[in-house]
Amino acid sequence: MTAANFSLEANSNFDQVYPLPETLTTTASIKIASLGVHYRTQEALRDVNCIVKPGRLTGIFGPNGAGKSTLMKGILGLVPLSSGHALYQDKPLKQQLEKVAYVPQRSQIDWTYPATVWDVVMMGRVKKTGWLRSFSGVSRQLAKNALERVGMNQYRDRPIGELSGGQQQRVFLARALAQQAEIFCFDEPLVGIDQKTQTVIFEVFHELAAAGKTVLVVNHDLGESITHFDDLILLNRELIATGSRQEVLTQENLYRAYGGKVIYFDDAA
Ligand code: ADP
Ligand code: MG
């Protein structure tokens, strides 16, 4: 069966398997069908099928090297797919990146780049404004509001490289907010941050989800922060399980994803 055949079937099945709240249309989910990625000869992801719903905080979990970053990049078209696709409103998501705010993993950001906090947040407005046009008052107000929301407005003239890891992560969160996206994708935002930043980050994630946005977050740590997530995608080079946190967090699924390294189990699940 070809990938194209498969995807048509998968799309019609998704809505039956995961019924959406009546207030949300099914087209507003990200539908990931038969998605595979190869890096040269290595297969990083095989045949991933899942949906990411609006109005929910969805976590992509799995051990190091499980393909979490690859899945996020794959659905955004930042790495080529060897099979399958990711659709949003029935069109490839990679063709609608103006609706997406993406914050990559820390290690992929050049922290020596000579930009101030304000520059970084205003970069979130470039697509809406265009490089050659000056930023509007609306853009400046959105950037200021976003920095205030994450408690970083007083740092606006600081070079980004001089901030702590938590402060840097809050600046990138502010940039994502200023973008006024529909879909928010964060890769390992909790790495190297302080407790205050973690609190702010989850407050903002919950606000975005409550406003009907799609919030997709890569995380590998099975600590208490997992209880913030509504839905989970559990990976280890292939899909281990997906659905609500309670459905996914079983001993068997965790063992299949993490092997003997599981150190946390959510008793409430
Ligand atoms: P995770 O984010 O879950 O730690 P990744 O998606 O980064 O995992 O990587 C999945 C696998 O693909 C790993 O084995 C990794 O070494 C490999 N990989 C990731 N990026 C590349 C790349 N650009 N070229 C070759 N292999 C890669
Ligand atoms: Mg990663």
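The values are calculated or read from the model by the stated rules, or taken from the named source; none is laboratory data. Bear in mind the structure is a predicted one, so any value in this text is a computation, not a measurement. Glycine also receives a Cβ, built like all others from the backbone with ideal geometry; neighbour counts cover every protein chain displayed.
Could you say whether any residue in the stretch 200-216 is closer than 22 Å to residue 110 by Cα and surrounded by fewer than 22 Cβ atoms within 10 Å (Cβ to Cβ)? Scanning the stretch 200-216, I find no residue that is closer than 22 Å to residue 110 by Cα and surrounded by fewer than 22 Cβ atoms within 10 Å (Cβ to Cβ), so the answer is no. Of the helices (runs of 4 or more DSSP H) lying entirely inside the stretch 50-166, those carrying at least 2 residues that are away from ligand 1 (no atom under 16 Å from the Cβ) are 117-123, 126-129, 137-149. Taking residues in the stretch 201-219 that are within 16 Å of ligand 1 (Cβ to nearest atom), and partners anywhere that are acidic (Asp, Glu), the pairs with Cβ atoms closer than 6 Å and at least 6 places apart or on different chains are 218/187; 218/188.
Just one residue in the set 150, 138 is more than 24 Å from residue 53 (Cα to Cα) and either at pLDDT 95 or above or among the hydroxyl-bearing types (Ser, Thr, Tyr) (or both); that residue is 150. Within the stretch 63-74, the set of residues being in contact (Cβ under 8 Å) with a residue 60 or more places away in the chain, more than 9 Å from ligand 2 (Cβ to nearest atom) and either buried (at least 20 other Cβ atoms within 10 Å of the Cβ) or among the aromatic types (Phe, Trp, Tyr) (or both) comprises 71 only. If the condition is being buried (at least 16 other Cβ atoms within 10 Å of the Cβ) and free of Cβ contacts under 8 Å to residues at least 12 places away in the same chain, then the stretch 145-167 contributes only 153.
One residue alone among 240, 233 is within 16 Å of ligand 2 (Cβ to nearest atom), of a type in the set (A, V, I, L, M, F, W, C), surrounded by 20 or more Cβ atoms within 10 Å (Cβ to Cβ) and touching a residue at least 12 places away in the same chain (Cβ under 8 Å), and that residue is 233.
Put simply, of 204, 217 the only residue that is in a strand (DSSP E or B) and at pLDDT 95 or above is 217.
Within the stretch 61-80, being more than 16 Å from the chain's Cα centre (by Cα) and under 26 Å from residue 258 (Cβ atoms) holds for 63, 64, 65. If the condition is being more than 16 Å from ligand 2 (Cβ to nearest atom) and surrounded by fewer than 18 Cβ atoms within 10 Å (Cβ to Cβ), then the stretch 75-91 contributes 77, 80, 82, 89, 90, 91. Within the stretch 230-247, the set of residues being under 18 Å from the mean Cα position of the chain (by Cα) and assigned to a helix (DSSP H, G or I) comprises 245 only.
Scanning the stretch 56-83 for residues that are over 14 Å from residue 239 (Cα atoms) and touching a Gly at 6+ places or on another chain (Cβ under 6 Å) gives 81, 82, 83. Whenever a residue of the stretch 37-53 is hydrophobic (A, V, I, L, M, F, W, C), its partners that are at pLDDT below 95, lying with C-beta atoms within less than 8 angstrom and at least six residues away or across chains, give the pairs 51/14; 51/18; 51/29; 52/29. Applying the condition of being loosely packed, with under 15 Cβ neighbours inside 10 Å and among the acidic types (Asp, Glu) to the stretch 92-119 and asking which residue is farthest from residue 159 (Cα to Cα) yields 98.
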